[in-house]
Amino acid sequence: MPSDIAVYGLGVMGRNIALNLANHGMTVSVYNRTASTTEAFVADLPADSGIMPTYSLGELCDSLARPRVVFLMATAGRVVDLIIESLLPLLDAGDVLIDGGNSYFKDTQRRWQSLADKGIHYLGMGISGGEEGARRGPSIMPGGDAAAWPLVREHFERIAAKADDGQPCCRWIGEGGAGHYVKMIHNGIEYGDMQLIAEAWQLMRDGLGMPATAIADTFAAWNDGVLRSYLIGITADILRVTDADGSLRVDHILDSAGQKGTGRWTAVDALETGVPLTLIAEAVYARMLSSLKEERVALAARLGGRQPVAAADQAAMLQAIHDALYAAKIVSYTQGFLQMRTAAAAYDWQLDYANIALVWRAGCIIRSRFLDDIAQAYERDATLPALPFDDFFADALRGAQAGWREAVAFGIRSGIPTPALSAALSFYDGYRSADLPANLIQAQRDYFGAHTYQRTDRAAQQHWHTRWTDDRQEVAVDD
C-alpha cells in the first residue's frame, strides 16, 4: 500500500514528526542519507507502526501515493538545495515538496519560484515547538504554493497542536516565503521574551535579593495572570531544580547564551526594511555580549561590580517588575507585527494577523494567554496599524507604564543591565511622541551634506535647503 507522505531526514525533529504523522493514521515512508540512522529508528517500532523505512531516493519516491508528498527535515542552507536537486529527477509535475526546517525566507522564496517553473509544488513550512512539539503537536506556519496547501492541509491540521478552543494551530500564511518569514518573526519574539524574563529574574535576584524559591513562586503566580505563557511556566520550573548539594542548578550553568541565527535574521531584516525592532535587536545583542565572558569577568574586577540599591518597598518593586515585563511584551509583539506588515507590503503577501496570533496559541515556544488578546485586536480591526492603536493594549500600556519606569530606573541605579526592558520603554516613549528631535538631525544632515528637509508649514512634497555657511537663506529644491 503506498505511503501518504515521506519524511526525509531523521534527526530529532524529523523522527518526531514522522511518529506524529503515523500516530494520526498516516502511512509514512522515512529516509535518511545515513542508512544506519534509519535502521536504528525503525528497529524498536512495532510492525503496525505505520512507518516504512526506505534506503534510496528511488525507493522513497516509488513508495508514495500520487501526487507524491515529500517532507524535508534538513539543516537550513545549501543542504536543502542539494536535497532538492537530488529529488527532482525522481518527481513528476504536481508532486509536493515541503521544507519543514528553519530556512531563511528568501531561500524559500527563491525555491518556490524555481520549482513552480518545473511544475513542482513547493511549501516552506515554519514549525515551532521543539522536540516535544514535533512529537505531540507543534505550531505550523505553512507558506509557498497556495495550490499545494489543499493537498496536504488535512495531514498537518491533524498533527498540529490544538488550542483551548480545539482549533488546530496550523493556518495558511501566504505565498512564497511567507510561512518561513512568520516563523522567523516568531523566533525573534522568542529571543525578546527570553531576554525580558532573564532581566526580570536578575532584578529580583540581584536587585531585590530574593531567594530562588521566592522567585520561582513569583513566576508561578505570574503564570496565573496576564503573563501566563510557556516561557514563564518553564522559568518557574527551572528555578526549583537543585544539584545534589542543594545548590540551584541554574547558578552552575555558564552565563553565555547560544543562538542559531534566526533572531539575528529578524534583526537584520528589520534594518533592511526600516522597522524599529529595537527590543528584539537588543535581545540578540545581549546574547552576543553574554558570550564575552572572560572580558566581562576582567572588567568586573577592573571597574567594579554592581552596587545594589535597596528598594524602598519590595512588594511595590516586585509589582513594578511585573508591569515592566507585561508592557515590554506588548512592545515586542507590536514591533514584530509592524515588521510583518512591512514585509507583507514589500512581498505582496496577504497576511492575516489574527490568524497568525491564533497559530501561536499552542505548540510553539511563545504560546501564551496574551495571543488571544492580539487575535481579538486584529479581529476587531484587520487594518490596525499597530497594537497600541487598540483600546485594550492602549489601556494596558497606560496602566503599566509607571511601574515599568520604576523597574528600569531601579535597574539603572543598581547597575543591573536591562537592555530589552529599556529599549522597549524608549520605543514606547518615541512611538507615542507627537514631536521628536529628528528635525534637528535633518538640519544637521542638510548642513553637512545638503540632504534637504521638509517644512511643517509648507507642502509635504516640497523639499528645502538652507545655505548654512553662506547667507543662511532657504531655497526650494526640486526633486
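What follows draws every value from the coordinates through simple rules; no lab data is involved. Quick caveat: nothing in here was measured; it's all calculated off a predicted structure. Backbone-built Cβ (ideal geometry, glycine too); neighbour counts: all protein chains shown.
Which lysines have a Cα less than 22 Å from the Cα of residue 118, not counting those fewer than 8 places away in the same chain? Those lysines meeting the cut-off are 106. Placing a label point 7 Å from the Cα of residue 136 along the Cα-to-Cβ direction, the residues of segment 182-221 whose backbone N falls under 19 Å from that point are 220. Within segment 282-334, the trypsin sites (Lys or Arg not before Pro) that combine a DSSP coil assignment with at most 16 other C-beta atoms in a 10 angstrom radius are 306.
What does the charge add up to near residue 20, with Lys and Arg as +1, Asp and Glu as -1, over the other residues with Cβ less than 10 Å from its Cβ?
Once positives and negatives cancel, what remains is +4.
Full extension of the segment from residue 213 to residue 435, taken as 0.36 nm per residue of separation minus the current Cα-Cα distance, would add 75.4 nm. Note on the chain: dipole from Cβ charges, positive end direction compared against 27, 88, 433; the farthest Cα belongs to 433.
For a label point 7 Å from the Cα of residue 151 along Cα→C-beta, name the residues of segment 76-98 whose backbone N is under 14 Å from it. Answer for segment 76-98: 88, 90-98. The slack between residue 294 and residue 412, meaning 0.36 nm per residue of separation minus the straight C-alpha distance, is 40.2 nm. Principal-axis analysis of the Cα atoms of the chain puts helix 419-431 at an angle of about 70° to the longest axis.
If each residue of separation counts as 0.36 nm, what is the full-extension length gain between residue 460 and residue 307 once their alpha-carbon separation is subtracted?
Numbers: separation 153, 0.36 × 153 = 55.08 nm, distance 5.07 nm.
Taking 0.36 nm per residue and subtracting the Cα distance, the gain is 50.0 nm.
The string of couplings for segment 454-465 from the Karplus curve (6.51, -1.76, 1.60, θ = phi - 60°) is 10, 10, 6, 10, 10, 4, 4, 7, 8, 10, 9, 9 Hz, one whole number per residue in order, with x for Gly and Pro.
Using a cut-off of 20 Å between alpha-carbon atoms, which lysines can reach residue 329, once sequence neighbours fewer than 8 places away in the same chain are excluded? List returned: 183. Measuring nothing but how far apart in sequence close Cα pairs (under 8 Å, 6+ apart) lie, relative to its length, the chain scores a relative contact order of 12 percent. Principal-axis analysis of the Cα atoms of the chain puts helix 278-290 at an angle of about 80° to the longest axis.
Taking amide H as placed 1.01 Å from N in the peptide plane, residue 177 has its amide H under 5 Å from the amide H of 109, each at least 5 places away in sequence or on another chain. Between residue 474 and residue 202, the modelled labels are 4.6 nm apart [label points 7 Å from Cα along Cα→Cβ]. Go through (1) 81, 71, 46; (2) 95, 56, 47; (3) 68, 43, 40 and flag the label whose value is the computed Cα extents along the principal axes in Å for this structure. Correct label, based on the coordinates given: (1). For segment 5-176, the Cα gyration tensor yields ellipsoid semi-axes of 22, 21, 14 Å (square root of five times each eigenvalue, largest first, whole Å).
With the cut-off at 1.5 for a/c, could you classify segment 340-479 from its C-alpha gyration tensor as rounded, prolate or oblate?
Oblate, since a/c reaches 1.5 and b/c is not below a/b.
Dividing the C-alpha radius of gyration of segment 184-431 by 2.2 N^0.38 Å, with N its residue count, gives 1.01. Net charge dipole, segment 147-217: roughly 260 debye, given to the nearest 20, about the Cα centre with Cβ charges of +1 for Lys and Arg and -1 for Asp and Glu. The 3J(HN,Hα) values that the Karplus relation (6.51, -1.76, 1.60; θ = phi - 60°) gives for segment 372-387 are, in residue order, 4, 5, 5, 4, 5, 4, 6, 6, 5, 8, 5, 9, 3, x, 6, 4 Hz. Gly and Pro appear as x.
Annotation: amide H-H contacts under 5 Å for residue 69 (H modelled 1.01 Å from N, sequence separation of 5 or more, or interchain): 6, 96. Calculated mean residue ellipticity, 222 nm, the chain: -16500 deg cm²/dmol, from DSSP H runs (n ≥ 4) at -39500 (n - 2.57) each, averaged per residue and rounded to 500. Taking 18 Å as the cut-off, the amide N atoms of segment 103-138 that come nearer than this to a point 7 Å along the Cα-to-beta-carbon line of residue 342 belong to 105-106. Electrostatic bookkeeping for residue 82 treats Lys and Arg as +1 and Asp and Glu as -1; over the other residues with beta carbon under 14 Å from its beta carbon, the sum is -1. Look at where the Cα atoms of segment 93-143 and of segment 226-259 average out, and the two centres are 33 Å apart. Each of residue 442 and residue 372 was given a label point 7 Å from its Cα along the Cα-to-Cβ line. The distance between the two points is 4.5 nm. Within the shell of other residues whose beta carbon sits under 10 angstrom from the beta carbon of residue 240, the net charge comes to -1, with Lys and Arg scored +1 and Asp and Glu -1.
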